[in-house]
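**Student:** So that we are looking at the same thing, I have put the structure below in structure tokens.
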Amino acid sequence: MRAYEAWCAAELQRLRAQGLERQLREYPGVGGKIRLPARSLLNFSSNDYLGLARHPEVLAAASAALERWGAGSGASRLLAGHLECHAALEQQLAVYKGYPAALVFGSGYLANLGIISALLQRQDWIVVDRLAHASILDAAVMSRAVLRRFQHNDAMHLDTVLAGKPAAAKGLVVTEAVFSMDGDLAPLADLAAVAGRHGAMLLVDEAHATGIFGAQGAGLVRAAGLEDAVPLAMGTLSKALGGYGGFVACSEPLRHFLINKARSFIYSTSLPPPVIGAALGALQHLTTHPDLGALLLARAAVFRTKLRQAGLDTGASASQIIPLLVGDNQKTLQWSQRLR
């Protein structure tokens, strides 16, 4: 075994001993049920919250885009990869989210990476919720700005942290709207008020709110009427919309700034037309079926109640994301195996 392979093996053994080793498992397809040779399983691990990944309208829109524009875009957006379908999707996303403009990225991870690293320099401050997604923390580190974290969903602690920011430093506050692990909701109005009081921008990651919360699933920012207080509302096309990609809704000047400064946008091939077509089809379906998110949330509330009545701990979940808090890595792995 080569030296680097031995190092990798030792690290994997350490993860295995801690119950933290990850494995890829192959499945025959996506959907509400996973059909295995011996049995079928209910799928509670997917982000395809509304089942749009295989919805006929979404598939038809993807197929039409494939026929019209081909399998790939062939270039980055700043070269020849900015197609009519990309422009159409961004226009519709802006209207959907209630902002003047929107910009599509290759994924939600790339969106956060590009936005945060473009906006900040070394002397600036980024203040992040302690439970924020890994993409936000990775972007904060890559930006080389001063990173501070505030206690989860605690606007008063955010106020205290921002009070220490030098006047010359730009400030960026980042939170998720619906937290991807615990399923609880951020106090967006309180956070926006604190950020505004300190002259800091607020970026809200609505990956798990888009398509679910608010009218037509437009998200928690729009549902609370906070578009003016939240300059950057990030979202994904890969959760409730059933496809792939990320985006940010913002002002036209911010969009133009990101086109010129967000490296994950500038140096990436644009999303393939079938992916864009699928997103357009999903948006159309959400506008004609505006109650899908509310129906899912109602079902999630019933399920959460049943779990709690059975003595299971679902934490502070108030969304379609319902954790089962076990408290021990080995026991968690054992439960996971039993559920398969």
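**Student:** Working carefully through the options Leu333, Leu312, find the one that is farther than 29 Å from Ser107 by Cβ, surrounded by 12 or more Cβ atoms within 10 Å (Cβ to Cβ), more than 22 Å from the chain's Cα centre (by Cα) and in contact (Cβ under 8 Å) with a residue 12 or more places away in the chain.
**Tutor:** The conditions single out Leu312.
**Student:** Still on this structure, I have one more. Specify which of the listed residues (Leu78, Leu20) is out of contact with any strand residue (DSSP E or B) (no Cβ under 7 Å at 6 or more places or on another chain), in contact (Cβ under 8 Å) with a residue 12 or more places away in the chain, farther than 30 Å from Gly293 by Cβ and surrounded by 13 or more Cβ atoms within 10 Å (Cβ to Cβ).
**Tutor:** Only one candidate passes the filter, namely Leu78.
To keep it simple, each residue is scored yes or no on (1) under 22 Å from the mean Cα position of the chain (by Cα); (2) crowded, with 22+ Cβ neighbours inside 10 Å.
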position	(1), (2)
Ala118	yes, no
Ala139	yes, yes
Val146	no, no
Gly164	no, no
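**Student:** Further question: Out of (1) of a type outside the set (A, V, I, L, M); (2) closer than 27 Å to Gly217 by Cα; (3) part of a loop (DSSP other than H, G, I, E, B); (4) in contact with a helix residue (DSSP H, G or I) (Cβ under 8 Å, 6 or more places away or on another chain), what's the single condition that is false for Cys85?
**Tutor:** It is condition (3) that Cys85 fails.
**Student:** Among the residues of the range 204-218, how many are surrounded by 24 or more Cβ atoms within 10 Å (Cβ to Cβ) and more than 12 Å from the chain's Cα centre (by Cα)?
**Tutor:** Residues flagged as surrounded by 24 or more Cβ atoms within 10 Å (Cβ to Cβ) and more than 12 Å from the chain's Cα centre (by Cα) within the range 204-218 amount to 4.
**Student:** Of the conditions (1) out of contact with any strand residue (DSSP E or B) (no Cβ under 8 Å at 6 or more places or on another chain); (2) at positive phi, Leu83 fails just one. Which one is it?
**Tutor:** (2)
**Student:** Within the range 263-277, does at least one residue satisfy the condition of being over 29 Å from Arg22 (Cβ atoms), surrounded by fewer than 20 Cβ atoms within 10 Å (Cβ to Cβ) and either modelled with pLDDT of 95 or more or in contact with a Cys (Cβ under 9 Å, 6 or more places away or on another chain) (or both)?
**Tutor:** Yes, because at least one residue in the range 263-277 is over 29 Å from Arg22 (Cβ atoms), surrounded by fewer than 20 Cβ atoms within 10 Å (Cβ to Cβ) and either modelled with pLDDT of 95 or more or in contact with a Cys (Cβ under 9 Å, 6 or more places away or on another chain) (or both).
**Student:** Among the candidates Ala87, Ala102, single out the residue that is out of contact with any Ser or Thr (no Cβ under 9 Å at 6 or more places or on another chain), under 23 Å from Val58 (Cα atoms), of a type in the set (Gly, Ala, Ser) and surrounded by fewer than 16 Cβ atoms within 10 Å (Cβ to Cβ).
**Tutor:** One residue alone meets the criteria, Ala87.
**Student:** Please pick out the residue among His285, His289 that is over 18 Å from Asn43 (Cα atoms) and touching a His at 6+ places or on another chain (Cβ under 7 Å).
**Tutor:** His285
**Student:** While we're here: Show the residue pairs that are 6+ apart or on different chains and have beta-carbon atoms under 6 Å apart, the first residue being within the range 194-216 and closer than 25 Å to Asp48 by Cβ, the second being outside any loop (DSSP other than H, G, I, E, B) and charged (D, E, K, R).
**Tutor:** If the second residue must be outside any loop (DSSP other than H, G, I, E, B) and charged (D, E, K, R), the pairs left are Asp205/Glu176; Gly214/Arg222.
**Student:** In the range 30-73, what residues are surrounded by 12 or more Cβ atoms within 10 Å (Cβ to Cβ) and among the acidic types (Asp, Glu)?
**Tutor:** Residues satisfying the conditions are Asp48, Glu57.
**Student:** While we're on this one: Of the residues in the range 110-143, how many are closer than 13 Å to Lys170 by Cβ and part of a loop (DSSP other than H, G, I, E, B)?
**Tutor:** Matching residues across the range 110-143 total 5.
**Student:** Being part of a helix (DSSP H, G or I) and in contact (Cβ under 8 Å) with a residue 40 or more places away in the chain is the filter here; which residues of the range 88-106 pass it?
**Tutor:** Ala88, Leu89, Glu90, Gln92, Leu93, Ala94, Tyr96, Lys97
**Student:** Count, please, the residues in the range 165-193 that happen to be within 20 Å of Ala207 (Cβ to Cβ), assigned to a loop (DSSP other than H, G, I, E, B) and touching a residue at least 40 places away in the same chain (Cβ under 8 Å).
**Tutor:** Selection size over the range 165-193: 8.
**Student:** Where in the range 219-329 are there helices (runs of 4 or more DSSP H), lying fully within it, with 2 or more residues that are of a type outside the set (A, V, I, L, M, F, W, C) and farther than 20 Å from Lys97 by Cα? Outline the logic, then answer.
**Tutor:** Numbers: elements: 220-223, 252-261, 263-266, 273-288, 292-309.
Helices (runs of 4 or more DSSP H) meeting the threshold: 252-261, 263-266, 273-288, 292-309.
The values are calculated or read from the model by the stated rules, or taken from the named source; none is laboratory data. Quantities reported herein were computed from a predicted structural model and do not represent experimental measurements. Every residue, glycine among them, receives a Cβ derived from its backbone with ideal geometry; neighbour counts consider all protein chains shown.
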